[in-house]
Amino acid sequence: MSAPDTNLKTQRKRHIGALAGIGIAVAFAAILLAGYLVILADRGEAPEGADTQIDGRFGVEVEN
């Protein structure tokens with residue numbers, strides 16, 4: 001059931017601060033996540049080749 005007296009202008013005034021705070025918190029979390037992903041990508045290492053290379057098509061060793 002809905003409230004008997006709904007005044008949208010009053011509700012907008014009462015909730016604008018909370019909604020703005022939630023928006024700021026979500027933006028801050030997105031910035032932290034992006035920074036974390038950048039740090040992870042920066043610290044990643046390229047895979048090093050093995051001494052013996054295997055051809056994936058036939059399963060035989062490939063000469064280097």
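Here are the numbers for this structure:
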read-out: So L19, is it exposed (fewer than 10 other Cβ atoms within 10 Å of the Cβ), assigned to a helix (DSSP H, G or I) and either hydrophobic (A, V, I, L, M, F, W, C) or modelled with pLDDT under 80 (or both); value: no
read-out: Yes/no for G35 being out of contact with any strand residue (DSSP E or B) (no Cβ under 9 Å at 6 or more places or on another chain), small (G, A, S) and modelled with pLDDT of 80 or more; value: yes
read-out: Residues of the stretch 38-55 that turn out to be loosely packed, with under 10 Cβ neighbours inside 10 Å and modelled with pLDDT under 80, as a count; value: 9
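The values are calculated or read from the model by the stated rules, or taken from the named source; none is laboratory data. Small disclaimer: the values here were computed from a predicted structure and weren't measured. Note that we place each Cβ from the backbone using ideal geometry, even for glycine, and neighbour counts take in every protein chain shown.
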